[in-house]
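Working notes, beginning with the structure itself.
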Amino acid sequence: MSTWPTIARFIAAQGGAAMVTLAKAQGSSPREVGARMVVAPDGAFTGTIGGGALEWGALAEAQALLARADARATTLDKALGPDLGQCCGGRVLLTIERFDAADAEMIAPLAEAEQRQGIVTTIATPAPDGRLARRLALGNEARSPRPAYEVQSDGRVYERFGEEPTAFYLFGAGHVGRAMVLALAQLPFDVRWIDSRPDAFPAAVPGNVKMVFSPSPGAELESAPEEAFVLVMTHSHALDLAIVEQAMKKDPVGYIGLIGSATKRARFAARLRAGGIPESRIAKLVCPIGVGGITGKEPAVIAAATVAELLQRDELARTGRRPSIMPAPPAKAAARRA
């Protein structure tokens, strides 16, 4: 979610906007600290703090704050079980801040920076009106803390807004490729969808997808950033092999996936080995793709299983926390044959 550009847009359209931030969590909570949503006076909103009764109450409080002229901020301190009947069992503190046209000078540089950079870090101190007085972090200050909202011992608050999407190179615009781009919509991936057939692409795609016709698809990887994700599912096994080999030669790549069975992987590994690719790089090839336990062969099912795996790997790359990844059962190999 783009926070400050959305705040600026709501103010331009409706005269105001409220930002809800999950500032503190104890025990189990439906979202992590730093989760946000932006609310317009008419009740429209983007983002989520976890849904359920907590979010419903926060929306009501945000709209009530937007209707007032005598307050700029408020807080909600809720025990999720006793106060809201939610089963999470934790306690959360929400901050709600109101902005309007009078804040344009403060909002504009934050919105512009987030729009341009994807991620911005701010350093804030509590202001007399109850909100945070923010400035853009500069130089060594511009770090990306985990979590996205972090209170320092001196009372300053580091915040991270926006999220830099992972570069994702998807090769192949067949049935599974089309299902993949739909499954990736609204997820933190910047998708470059590549095919050597100019008439293979649909008329429209999600906003995070760029269609690229290339007679030499593998050459697109020459400009790929470090730690990009690569997923190969073209109409030709020979082309698949050429692209995988190109990806293996580029270092480092965050993920290399290949649609197909364990047999296909074994054959590709042998050819890569014969071509001089080190065993350490061949070991990174993921084939079959997708989380285990899902055996459906329909394109949408394969896409859903694969996106789940991609999200696990992306979270590991971003946070260093290894999620629980199920080993692929034998049936999975049959489900992912190309």
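The values are calculated or read from the model by the stated rules, or taken from the named source; none is laboratory data. Model, not experiment: these values are computed from the prediction. Positions of Cβ are backbone-derived with ideal geometry, glycine not excepted, and every protein chain shown enters the neighbour counts.
A search for C-beta distances below 6 Å between a residue of segment 102-126 that is within 22 Å of Asp190 (Cα to Cα) and any residue that is exposed (fewer than 14 other Cβ atoms within 10 Å of the Cβ), counting only pairs 6+ apart in sequence or on different chains, returns Gly118/Glu164; Ile119/Glu164. Give me the residue from segment 20-37 that is more than 20 Å from the chain's Cα centre (by Cα) and more than 20 Å from Gln152 (Cβ to Cβ) and, out of that set, surrounded by the fewest Cβ atoms within 10 Å (Cβ to Cβ). Here the residue is Gly27.
State whether the residues of segment 7-21 include one that is among the small types (Gly, Ala, Ser), without any contact (Cβ under 8 Å) to a residue 40 or more places away in the chain and part of a helix (DSSP H, G or I). Within segment 7-21, one or more residues are among the small types (Gly, Ala, Ser), without any contact (Cβ under 8 Å) to a residue 40 or more places away in the chain and part of a helix (DSSP H, G or I). Could you tell me whether any residue of segment 286-308 is assigned by TED's automatic domain parsing to the domain that holds Ala179, within 23 Å of Glu222 (Cα to Cα), out of contact with any helix residue (DSSP H, G or I) (no Cβ under 8 Å at 6 or more places or on another chain) and of a type outside the set (Val, Ile, Thr)? No, segment 286-308 contains no residue that is assigned by TED's automatic domain parsing to the domain that holds Ala179, within 23 Å of Glu222 (Cα to Cα), out of contact with any helix residue (DSSP H, G or I) (no Cβ under 8 Å at 6 or more places or on another chain) and of a type outside the set (Val, Ile, Thr). I need the full set of residues from segment 248-269 which are in a helix (DSSP H, G or I) and either in contact (Cβ under 8 Å) with a residue 60 or more places away in the chain or among the aromatic types (Phe, Trp, Tyr) (or both), in order please. Scanning segment 248-269 gives Ala262, Thr263, Lys264, Phe268.
If the condition is being surrounded by 12 or more Cβ atoms within 10 Å (Cβ to Cβ) and of a type outside the set (Val, Ile, Thr), then segment 276-295 contributes Arg281, Lys284, Leu285, Cys287, Pro288, Gly290, Gly292, Gly293.
Have a look at Arg160, Arg135 and point out the one that is part of a strand (DSSP E or B) and touching a residue at least 60 places away in the same chain (Cβ under 8 Å).
Numbers: Arg135 fails: touching a residue at least 60 places away in the same chain (Cβ under 8 Å).
Going through Arg160, Arg135 in turn, just one is part of a strand (DSSP E or B) and touching a residue at least 60 places away in the same chain (Cβ under 8 Å): Arg160.
Does Ala71 satisfy the criteria of being over 28 Å from the mean Cα position of the chain (by Cα) and farther than 17 Å from Gly130 by Cβ?
Values: over 28 Å from the mean Cα position of the chain (by Cα): yes; farther than 17 Å from Gly130 by Cβ: no.
Against the criterion (over 28 Å from the mean Cα position of the chain (by Cα) and farther than 17 Å from Gly130 by Cβ), Ala71 does not qualify.
Going residue by residue through segment 217-239, is there one that turns out to be in a loop (DSSP other than H, G, I, E, B), touching a Ser or Thr at 6+ places or on another chain (Cβ under 6 Å) and more than 16 Å from Ile289 (Cβ to Cβ)? So far as segment 217-239 goes, no, none of its residues is in a loop (DSSP other than H, G, I, E, B), touching a Ser or Thr at 6+ places or on another chain (Cβ under 6 Å) and more than 16 Å from Ile289 (Cβ to Cβ). Out of Gly57, Gly43, one residue alone is in a loop (DSSP other than H, G, I, E, B) and either assigned by TED's automatic domain parsing to the domain that holds Gly155 or not basic (Lys, Arg) (or both). It is Gly43. Has segment 170-183 got any residue that is more than 18 Å from the chain's Cα centre (by Cα), within 30 Å of Ala23 (Cα to Cα) and surrounded by 15 or more Cβ atoms within 10 Å (Cβ to Cβ)? There is no residue in segment 170-183 that is more than 18 Å from the chain's Cα centre (by Cα), within 30 Å of Ala23 (Cα to Cα) and surrounded by 15 or more Cβ atoms within 10 Å (Cβ to Cβ).
Restricting attention to segment 269-301 and to residues that are under 22 Å from Pro165 (Cβ atoms) and not basic (Lys, Arg), the residue that is modelled with the lowest pLDDT turns out to be Val291. When each of Ala242, Ala203 is tested for being without any contact (Cβ under 8 Å) to a residue 24 or more places away in the chain, surrounded by fewer than 21 Cβ atoms within 10 Å (Cβ to Cβ), more than 20 Å from Asp314 (Cβ to Cβ) and among the hydrophobic types (A, V, I, L, M, F, W, C), the lone residue that passes is Ala203.
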